[in-house]
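A quick write-up on the structure given underneath.
The values are calculated or read from the model by the stated rules, or taken from the named source; none is laboratory data. Keep in mind it's a predicted model, so treat the numbers as computed, not measured. Note that each Cβ is placed from the backbone with ideal geometry, even for glycine, and that neighbours are counted across all protein chains shown.
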Amino acid sequence: MLYGAMLALAVGLGLPIAVLGAATAQGRTAAAALEGIARQPEAAGRIQIAMIIGLALIESLVIYALLMFFILQGKLPGVLEALQAGAGA
């Protein structure tokens, strides 16, 4: 019983927390890149490349969290029974 409750909590809160953290990190990354470009316009190309690589790595963590969400959702006790009952009806 406790396992199912903790699993449901992880599924329900894990992805939103990951997305919130990633959105904050992406906002800070873009703000820092824009400040750097404003200070040194001649370095804009290098700053943009570093920013894009950083944003891609941040986004890959969110995609990993989404994958974990789907895996854990399939392990919830009531999900499989409800799907099987719906398919059999």
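What the table below lists for this structure:
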| read-out | value |
| --- | --- |
| Output for region 38-65, where each listed residue is of a type in the set (Gly, Ala, Ser) and more than 11 Å from the chain's Cα centre (by Cα) | 38, 43, 44, 45, 50, 54, 56 |
| Any hit, region 4-24, residues being at pLDDT 85 or above, of a type in the set (Ser, Thr, Tyr) and part of a helix (DSSP H, G or I) | yes |
| Cross-chain or 6+ apart pairs with Cβ under 9 Å, region 7-22 first and under 19 Å from residue 56 (Cα atoms), then charged (D, E, K, R) and assigned to a helix (DSSP H, G or I) | 22/59 |
| Residue tally, condition over 16 Å from the mean Cα position of the chain (by Cα) and within 17 Å of residue 76 (Cβ to Cβ), over region 1-37 | 9 |
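For every residue, the table says whether it meets (1) modelled with pLDDT of 90 or more; (2) loosely packed, with under 11 Cβ neighbours inside 10 Å; (3) part of a helix (DSSP H, G or I).
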residue: 37; (1), (2), (3): yes, no, yes
residue: 45; (1), (2), (3): yes, yes, yes
residue: 52; (1), (2), (3): yes, no, yes
residue: 55; (1), (2), (3): yes, no, yes
residue: 59; (1), (2), (3): yes, no, yes
residue: 66; (1), (2), (3): no, no, yes
residue: 73; (1), (2), (3): no, no, yes
residue: 78; (1), (2), (3): no, yes, yes
